Amino acid sequence: MRIVVLAGITAAASTAALALPAQAGIPTRDGRTAAECEYPADVLDLTDWKLTLPTGEDEDPTDITQPDLATFAAKPWFQADEDCGAVQFRAPVDGVTTGGSSYPRAELREMTDDGEDEASWSTTEGTHTLVVKEAFTALPNDKPHLVGAQIHGGDDDVTVFRLEGSKLYITDGDDTHHHLVTDDYELGTEFEAKFVARNGKIDAYYNGERETTISSDDDSNYFKAGAYTQANCENSDPCDGDNYGEVHISGIKVTHS
């Protein structure tokens, strides 16, 4: 049976998870009523992001850029929670994929200049930081694997937070099991994921604690966050929109210095 948090259970789990101390500096827009958060951009600052959805034509998924992203929602793939506390990202196993992947995604890609240009930075120059407050809320059948945040290079992912069942890993290139963060992650539990890239290395943090450091020498990097489902119709059944990976993000911040 597919691992999923049903609506009522998700609400309860999220309430418990939000007992996590608030992290200073992460932009969220809490305190709004449901009527005030019609769009995900009412919850998260999406100024310097673009969105890729698991919809569109084969190997040509839908991309939403600014300024359209500021007033965009696509239920159930990309929508604000009813309580305005987070944004739901959902990618079904039968979703459209990019040409470079066999897996679907509902995922943000880092941009610059108010969303006009694609970000690209070096791990050896400056300091580059991503902080995401998120919760994995559903996993696909048969292959319950899902990525929630990552640093991507020009051709491939560099390091990601990857959930496999109840095991949460930080990867190093193709080493998907480079570092085990926890082996008892419960769906709906919010946590803080953080990457800091500088001096040819990337430090990865979980709830403020450094978990691992990997080496990286690349000048074509950018951050991504959302639901990147690591399953498709070849390894997960049923092949339909009710079989999906899902992540809820309540805060996201990028800094470069």
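The values are calculated or read from the model by the stated rules, or taken from the named source; none is laboratory data. Only a predicted model underlies this, so the values are computations on that prediction, with no experimental measurement involved. Don't worry about glycine lacking a Cβ; one is built from the backbone with ideal geometry, like all the others, and counts go over all protein chains shown. These accessible areas exclude ligands, DNA and RNA; they are computed on the full protein's heavy atoms, side chains included. Shrake-Rupley method; radii C 1.70, N 1.55, O 1.52, S 1.80 Å.
Kindly identify the chain as rounded, prolate or oblate by the Cα gyration tensor criterion: order the square roots of the eigenvalues as a ≥ b ≥ c, call it rounded if a/c is under 1.5, otherwise compare a/b with b/c, prolate if a/b is larger, else oblate.
rounded
For a test of the definition: using alpha carbon positions, the gyration tensor, and the 1.5 limit on a/c, classify segment 167-213 as rounded, prolate or oblate.
Here segment 167-213 falls in the oblate category.
Across the Cα atoms of segment 165-257, what radius of gyration and what greatest pairwise Cα-Cα distance (Dmax) are found, in Å?
15.2, 46
Stokes-Einstein diffusion coefficient for segment 57-128 at 4 °C in a medium of 1.567 mPa s, Rh from the Kirkwood formula over Cα pairs: what value in µm²/s?
90 µm²/s
Identify, among Ser250, Asn207, Leu46, the residue whose Cα sits farthest towards the positive end of the charge dipole of the chain, taking +1 on the Cβ of Lys and Arg and -1 on the Cβ of Asp and Glu, with the dipole about the Cα centre.
Asn207
Going from most exposed to least, what order do Lys194, Lys167, Lys50 have by accessible area with a 1.4 Å probe?
Lys167, Lys194, Lys50
Roughly how many debye, to the nearest 20, is the charge dipole of the chain about its Cα centre, given +1 on each Lys and Arg Cβ, -1 on each Asp and Glu Cβ, and no other charges?
Dipole magnitude for the chain comes out near 820 debye.
Applying the Karplus parametrisation 6.51 cos²θ - 1.76 cosθ + 1.60 with θ = phi - 60° to the phi angles of segment 126-136, what ³J(HN,Hα) value in whole Hz is obtained for each residue in order, glycine and proline being reported as x?
These are the phi-based 3J(HN,Hα) values: x, 10, 10, 10, 10, 10, 10, 9, 8, 9, 6 Hz.
Suppose only helical runs count, i.e. DSSP H with n ≥ 4. What mean residue ellipticity at 222 nm does that imply for the chain under -39500 (n - 2.57) per run, divided by all residues and rounded to the nearest 500 deg cm²/dmol?
For the chain, the value works out to -1500 deg cm²/dmol.
Give the residue list of chymotrypsin sites (Phe, Trp or Tyr not before Pro) in segment 137-208 that are DSSP loop and have at most 15 other beta-carbon atoms within 10 angstrom.
Answer in residue order: no site qualifies.
List nothing, just return the count: lysine pairs in the chain, 8 or more apart or interchain, with Cα separation under 14 Å.
Going through the chain pair by pair, I get 8.
In whole Å, how far is the Cα centre of segment 44-114 from that of segment 179-237?
18 Å
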